[in-house]
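Scroll down for the structure; my scribbles are underneath it.
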Number of protein chains: 2
Amino acid sequence: MATLRVPDVVPSPRQDCERLRKAFQGLGTDEKAVIKVLGHRNASQRRIIGETYQQLYDKCLIDDLNAELSGDFRKAVILWIYDPPERDARLANEALNSRRKGVNELQVIVEIACASSPHHLIAVRQAYSILFDSSLEEDIISNVPMPLQKVLVSLVSSYRYDKNVVDSAIANSEAAKLHEVIKTKKLDHDDFLSILSTRNVFQLKETFLHYKKNYGNSIDEDILNCGKGNLESILKVAIWCIDAPEKHFAEVTRASIVGLGTDEDSLTRVIVTRAEIDMMKVKKEYFNTNKTSLDSAVIGDTSGDYQDFLMALLGTNV
Amino acid sequence: MATLRVPDVVPSPRQDCERLRKAFQGLGTDEKAVIKVLGHRNASQRRIIGETYQQLYDKCLIDDLNAELSGDFRKAVILWIYDPPERDARLANEALNSRRKGVNELQVIVEIACASSPHHLIAVRQAYSILFDSSLEEDIISNVPMPLQKVLVSLVSSYRYDKNVVDSAIANSEAAKLHEVIKTKKLDHDDFLSILSTRNVFQLKETFLHYKKNYGNSIDEDILNCGKGNLESILKVAIWCIDAPEKHFAEVTRASIVGLGTDEDSLTRVIVTRAEIDMMKVKKEYFNTNKTSLDSAVIGDTSGDYQDFLMALLGTNV
């Protein structure tokens, strides 16, 4: 389901480093070589390349990339180079420190909490506290007003059971509880959040099915019918990230592309964070919803090395 | 601060296993040998002994201990043999499945959440879901009524920053928030729980100091003045486990010993879970509060192999 393409025969980390080093030397940078190497290595290969680079040249690869590249291309490559938990910790921190803390910024925290494995979420929390000298939850509390704060803390604190164990009777009764809360429009109710943040993903999908069967609308529709505020929007993101992450990520890419100008940060985030997970599904979902391929949409809205790099991660530009 | 005494020269795991195997053979069991070996090995040594035993005899050491030992001695040795995260996961599950779910039972969950390292708490949550096919939080929600449920879920979901970083201004303002909540007697208020479950332990100690300085009473006194229910009691346990775990554990041992009969399960739990952590401080605290040593209290209330084993863990019976 990943779109990242790693060659059958991967050069040694030393060879990769030498190629990168060569790309940085002389006048200008050979960006194509950077994409050729880093755009086709998985997370553990990239980590080893970073370590080998440090050993060989006594320099930090990220620093060199920072000095040699520029613009959105630089941002994308560096985000790609970080170890995934560190990358997500940095994205969360950036969201919490952004001036505008709307759903567009804060949804990355929901993605980390609801569209990642439980182990990854813990690894992000560990990376966060190492990098920023405080827990992710503390920083949410300091930076996000209620009731969004309560929702986010609840979601990032979860450590869901990760196996497919489903109890249909519980799904039915919890669908009723969720419906009750939605009817009263108290979306930050403890019952609501505890179901959403403690149940395993398979159980929740079953609960959402029961919800639709028993009450007509899907739960995300009913949530959005409660109002047009940030609370409704962020809960809809949570439901989508749990139920079908590809739907959420296809929607974020669509929103980043449509209209005047492109939201490069969001586009980069989706492609970088999902290329090794479920980007194939995101592309399929994108095509089904928009009747055009994500590849052509990205080509239409981006250019140069940035475009080439994204296409490499999308598995198109091999 | 641990009381466990490991000999300077530790026999090889193979020698330890042979000694245990010999203790199990023939008529009756040589309990003294079991204590001599297992009562003087740390957690990682015990784990290796368990693995080696399995390799040498194709039998599970825990099964053999179960068959060879009996009564409180057996329960204590087996609790001691589990890897600490698995042990705590089992203790939490036992509490959640006990018929009576009062503070005496449920406080073990607070101990795990507030008197352990953040990493240990995560390891317990991982062990719990592997052992019991659901998350610890889910089982709390299924088994504990509100508002205790909310407090426990909030505490076990924490992943506190583990370094000594303290902000005195925040301590002051959060002491005021806590005081406000206590004044209104709404002890399950979101503000109260989010401070208690997200701040690092050093920061919280500072907050409790500010509380006492600014409002006269200590925060645990003020909590207990709100009422005599389970909510007040469990929050007092949380405060003590954060502020001075030795105070809490000295109190639990005292309560397990005083009066008619002994609460062996609680006594065992404290000595087994703290022998490798801070039992020396617990003993000191016990002596200061009760003007008698914990050792002599244990000797007065227990007997036989059970007593010998506890005394070994208390560092007295070498």
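The values are calculated or read from the model by the stated rules, or taken from the named source; none is laboratory data. Note that the structure is a prediction, hence the values are computed from the model and not measured. Please note: Cβ atoms are built from the backbone with ideal geometry, for glycine as well, and neighbour counts cover all protein chains shown. To get the accessible areas, we keep the full protein, side chains included, count just its heavy atoms, and leave off ligands, DNA and RNA. Shrake-Rupley method; radii C 1.70, N 1.55, O 1.52, S 1.80 Å.
Tabulated data
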item: Sequence-separation-based contact order of segment B:246-313, relative, with Cα cut under 8 Å and 6+ spacing, percent; result: 34 percent
item: Options B:GLN307, B:THR292, B:THR253, ranked by Cα towards positive dipole end of segment B:246-313, top entry (Cβ charges); result: B:THR292
item: Computed [θ] at 222 nm, helices only, for chain B once each DSSP H run of length n ≥ 4 contributes -39500 (n - 2.57); result: -21500 deg cm²/dmol
item: Gyration tensor verdict on segment B:13-69 (Cα atoms; rounded if a/c is under 1.5, prolate if a/b is larger than b/c, oblate otherwise); result: oblate
item: Low-density loop positions, trypsin sites (Lys or Arg not before Pro), segment A:144-210 - DSSP coil, at most 14 other Cβ in 10 Å; result: A:LYS163, A:LYS185, A:LYS186
item: Rg/Rh for segment B:168-243, where both radii come from Cα atoms and Rh is the Kirkwood radius; result: 0.91
item: Listed residues B:HIS120, A:LEU152, A:ASN225: farthest to the positive end of the dipole of the protein assembly as shown (Cβ charges); result: A:ASN225
item: Two-site FRET efficiency, A:SER12 against A:ASN97, from Cβ-Cβ distance with R₀ of 51 Å, rounded to 0.05; result: 0.85
item: Relative contact order (percent, whole number), segment B:13-69, Cα cutoff 8 Å, 6+ residue spacing; result: 39 percent
item: Spin-label zone in segment A:80-97 - amide nitrogen under 14 Å from a point set 7 Å from the Cα of A:SER142 along the C-beta vector; result: A:93-97
item: Loop trypsin sites (Lys or Arg not before Pro), segment B:7-77, which have at most 14 other Cβ atoms in a 10 Å radius of their Cβ (DSSP); result: B:LYS59
item: Set of aspartates and glutamates with alpha-carbon distance to B:LYS59 below 18 Å, sequence-local pairs under 8 removed; result: B:ASP16, B:GLU18, B:GLU51, B:GLU68, B:ASP83
item: Net charge dipole size for the protein assembly as shown [Lys, Arg +1 and Asp, Glu -1 on Cβ; Debye, nearest 20]; result: 140 debye
item: At R0 = 45 Å, FRET efficiency that the Cβ-Cβ distance of B:ALA67 and B:ALA176 yields, to 0.05; result: 0.20
item: Chain B - percent relative contact order, Cα under 8 Å, separation 6 or more; result: 22 percent
item: Candidate residues B:ILE299, B:ILE170, A:ILE182: accessible-area rank, largest first, probe 1.4 Å; result: B:ILE299, B:ILE170, A:ILE182
item: Net charge dipole size for segment B:84-156 [Lys, Arg +1 and Asp, Glu -1 on Cβ; Debye, nearest 20]; result: 200 debye
item: Separation between Cα centres of segment B:6-64 and segment B:87-128, rounded to whole Å; result: 27 Å
item: Above-threshold pairs, the threshold being 18 Å between Cα atoms, out of A:LYS247/A:LYS281; A:LYS212/A:LYS281; A:LYS101/A:LYS228; result: A:LYS212/A:LYS281
item: Point-to-point label distance, A:TYR215-A:LYS284, nm (Cα→Cβ direction, 7 Å offset); result: 2.9 nm
item: Only Lys, Arg (+1) and Asp, Glu (-1) charged, at Cβ; chain A dipole about Cα centre in debye; result: 500 debye
item: Euclidean distance of C-alpha centroids, segment A:251-265 and segment B:236-259, integer Å; result: 56 Å
